[in-house]
Amino acid sequence: MKPTVIRFKEHTIPVTFFNQESAPVASLEKLFESMQYNFEFRRKLKKISSIEMIGEVAVFKYFDGTKLYMEVS
């Protein structure tokens, strides 16, 4: 596991990579940039406790225990 941090607007979110590649960080940042005008995404972004990257899948973990799986390419 390789931990890192991603910053988006005023939010800092810890990201854990389960494969040893950190290349998906750029694609994860692209995802955040493309979703920056999506009101629902920005509202839910405040509730994210951490992100796990498994291959090309980002697992968004929320403070209430729910998870959201998004493909990052």
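The values are calculated or read from the model by the stated rules, or taken from the named source; none is laboratory data. Everything numeric here is computed off the predicted structure, so don't read it as measured data. We place every Cβ from the backbone using ideal geometry, glycine too, and count neighbours over all the protein chains shown. Note: areas computed on protein heavy atoms with side chains; ligands, DNA, RNA excluded. Shrake-Rupley method; radii C 1.70, N 1.55, O 1.52, S 1.80 Å.
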Looking at region 1-32, which of its residues are under 16 Å from F60 (Cβ atoms), out of contact with any strand residue (DSSP E or B) (no Cβ under 8 Å at 6 or more places or on another chain) and either assigned to a helix (DSSP H, G or I) or at pLDDT below 80 (or both)? S27, K30
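For region 59-73, give me each residue that is more than 16 Å from P3 (Cα to Cα) and either open to solvent by less than 60 Å² (accessible area, probe 1.4 Å) or of a type in the set (G, A, S) (or both).
Here is the first cut: in region 59-73, the residues more than 16 Å from P3 (Cα to Cα) are 62-73.
The answer is Y62, G65, M70, V72, S73.
Quick grid of which residues meet (1) among the β-branched types (V, I, T); (2) open to solvent by 40 Å² or more (accessible area, probe 1.4 Å); (3) without any contact (Cβ under 8 Å) to a residue 24 or more places away in the chain:
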residue: I6; (1), (2), (3): yes, no, no
residue: V15; (1), (2), (3): yes, no, no
residue: L28; (1), (2), (3): no, no, no
residue: M35; (1), (2), (3): no, yes, yes
residue: I48; (1), (2), (3): yes, no, no
residue: M53; (1), (2), (3): no, no, no
residue: V57; (1), (2), (3): yes, yes, yes
